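Engineer: Pasting in a structure now, in structure tokens, and then I'll have a few things to ask.
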Amino acid sequence: MLIGVQGAVFGLLECPLDLSSIPGRLVNFLPSAVILALIAGLGEEPGWRGFALPRLQTRHATVLATVLLGGVWAAWHLPLAFVDPRFPHGFTSAAPQILLALLTMLTIFFYAFFYTWVYNATRSVLLCMLLHGSFNAAIGLLPASFEVLQRGTYMALLVVQNVTLLGAVAILIVASRGLLAYDAAPERGPDEQPAGG
């Protein structure tokens with residue numbers, strides 16, 4: 001849904017979209033999501049959501065725990081921005097590339113709130129892995145080619161993406177009253193011993 005809203009806003013800004021590519025992109029989505037869940041999801045989620053998030057939530061309010069984890073998680077991805085040869089999207093000078101990196105890290109930071117909500121609602125690292133694969137695969141659903149997503153056009157897309165995510169995160173926080181589905185009662189903290197043990 002988020003990628004659909006982003007694509008619609010992107011189109012309203014008169015950025016070029018190739019709607020005829022949508023069927024092919026949809027066909028590729030599920031296999032891509034599964035592969036990325038097994039690679040990126042399995043490689044990251046046991047640590048981020050399986051280990052770090054539960055411990056942070058026993059010490060901090062859920063939103064603060066997510067802010068802390070989201071910041072570290074985003075920073076952890078920062079080196080990828082500079083080793084991917086496609087990352088500059090046509091920019092050759094450092095300043096716009098730094099801005100692209102910051103906007104990309106902001107996107108990852110906002111994603112953390114959805115992962116927290118899914119983990120808290122289900123206590124499932126597996127579902128977080130699937131969400132990870134789905135978010136990564138959804139990037140390929142935007143009906144625009146890499147050749148189109150260059151320089152100012154790509155910068156506009158990142159801004160649209162982050163504004164959309166900010167709105168969705170705000171709705172999620174307000175709708176969950178800041179708990180993001182967290183309930184400490186069903187599960188002991190990771191460092192707590194059972195009573196009488």
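Engineer: Return the residue satisfying two criteria in turn: it lies in the stretch 118-144 and is small (Gly, Ala, Ser) and part of a helix (DSSP H, G or I), and of such residues it is surrounded by the fewest Cβ atoms within 10 Å (Cβ to Cβ).
Structural biologist: The residue in question is 121.
Engineer: Please go through (1) modelled with pLDDT of 90 or more; (2) not in a helix (DSSP H, G or I) for residue 147 and return the number of the only condition it doesn't satisfy.
Structural biologist: (1)
Engineer: Further, regarding this structure: Residues in the stretch 2-21: is at least one within 15 Å of the chain's Cα centre (by Cα), more than 23 Å from residue 149 (Cβ to Cβ) and either surrounded by fewer than 17 Cβ atoms within 10 Å (Cβ to Cβ) or touching a residue at least 24 places away in the same chain (Cβ under 8 Å) (or both)?
Structural biologist: For the stretch 2-21, residues within 15 Å of the chain's Cα centre (by Cα), more than 23 Å from residue 149 (Cβ to Cβ) and either surrounded by fewer than 17 Cβ atoms within 10 Å (Cβ to Cβ) or touching a residue at least 24 places away in the same chain (Cβ under 8 Å) (or both): absent.
Engineer: I would also like to ask the following. Determine the pairs where a residue that is assigned to a helix (DSSP H, G or I), located within the stretch 67-78, has a partner that is of a type in the set (Lys, Arg) with Cβ atoms under 9 Å apart, the partner being 6 or more residues away or on another chain.
Structural biologist: 69/49
Engineer: All but one of (1) under 16 Å from the mean Cα position of the chain (by Cα); (2) farther than 25 Å from residue 17 by Cβ hold for residue 176, so report the exception by its number.
Structural biologist: The number of the failed condition is (1).
One line per residue, one yes/no per condition, for (1) among the acidic types (Asp, Glu); (2) without any contact (Cβ under 8 Å) to a residue 40 or more places away in the chain; (3) in contact with a helix residue (DSSP H, G or I) (Cβ under 7 Å, 6 or more places away or on another chain); (4) closer than 19 Å to residue 183 by Cβ:
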{"site": "83", "(1), (2), (3), (4)": "no, yes, no, no"}
{"site": "89", "(1), (2), (3), (4)": "no, no, yes, no"}
{"site": "94", "(1), (2), (3), (4)": "no, yes, no, no"}
{"site": "98", "(1), (2), (3), (4)": "no, yes, no, no"}
{"site": "101", "(1), (2), (3), (4)": "no, yes, yes, no"}
{"site": "108", "(1), (2), (3), (4)": "no, yes, yes, no"}
{"site": "115", "(1), (2), (3), (4)": "no, no, yes, yes"}
{"site": "123", "(1), (2), (3), (4)": "no, no, no, yes"}
{"site": "132", "(1), (2), (3), (4)": "no, no, yes, no"}
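Engineer: Being among the small types (Gly, Ala, Ser), in contact with a helix residue (DSSP H, G or I) (Cβ under 8 Å, 6 or more places away or on another chain) and within 22 Å of residue 100 (Cβ to Cβ) is the requirement here; does residue 152 meet it?
Structural biologist: no
Engineer: Then there is this: Determine which single condition residue 164 fails, assuming it passes every other condition in (1) under 17 Å from residue 13 (Cβ atoms); (2) in contact with a helix residue (DSSP H, G or I) (Cβ under 7 Å, 6 or more places away or on another chain); (3) at pLDDT below 90.
Structural biologist: For residue 164, the exception is condition (3).
Engineer: If you don't mind, another one. Would you pick out the residues in the stretch 64-98 that are under 18 Å from residue 162 (Cβ atoms) and at pLDDT 95 or above?
Structural biologist: Once the filter is applied, which keeps residues that are under 18 Å from residue 162 (Cβ atoms) and at pLDDT 95 or above, the stretch 64-98 yields 66, 67, 70, 71, 73, 74, 75.
Engineer: Which one is surrounded by the fewest Cβ atoms within 10 Å (Cβ to Cβ), of the residues in the stretch 105-117 that are β-branched (Val, Ile, Thr) and touching a Leu at 6+ places or on another chain (Cβ under 7 Å)?
Structural biologist: Going residue by residue through the stretch 105-117, those that are β-branched (Val, Ile, Thr) are 107-108, 116.
The next check asks that each one be touching a Leu at 6+ places or on another chain (Cβ under 7 Å); those that pass are 107, 116.
Values: 107: 18, 116: 29.
Among those residues, the one meeting the criterion is 107.
Engineer: Something else now. With respect to residue 61, is the statement that it is modelled with pLDDT of 95 or more and either at positive phi or among the aliphatic types (A, V, I, L, M) (or both) true?
Structural biologist: Taking the combined requirement at face value, the residue satisfies it.
The values are calculated or read from the model by the stated rules, or taken from the named source; none is laboratory data. Computed from a predicted structure; not experimentally measured. When we count neighbours, we look across all protein chains shown, and the Cβ atoms used for this are built from the backbone with ideal geometry, even at glycine.
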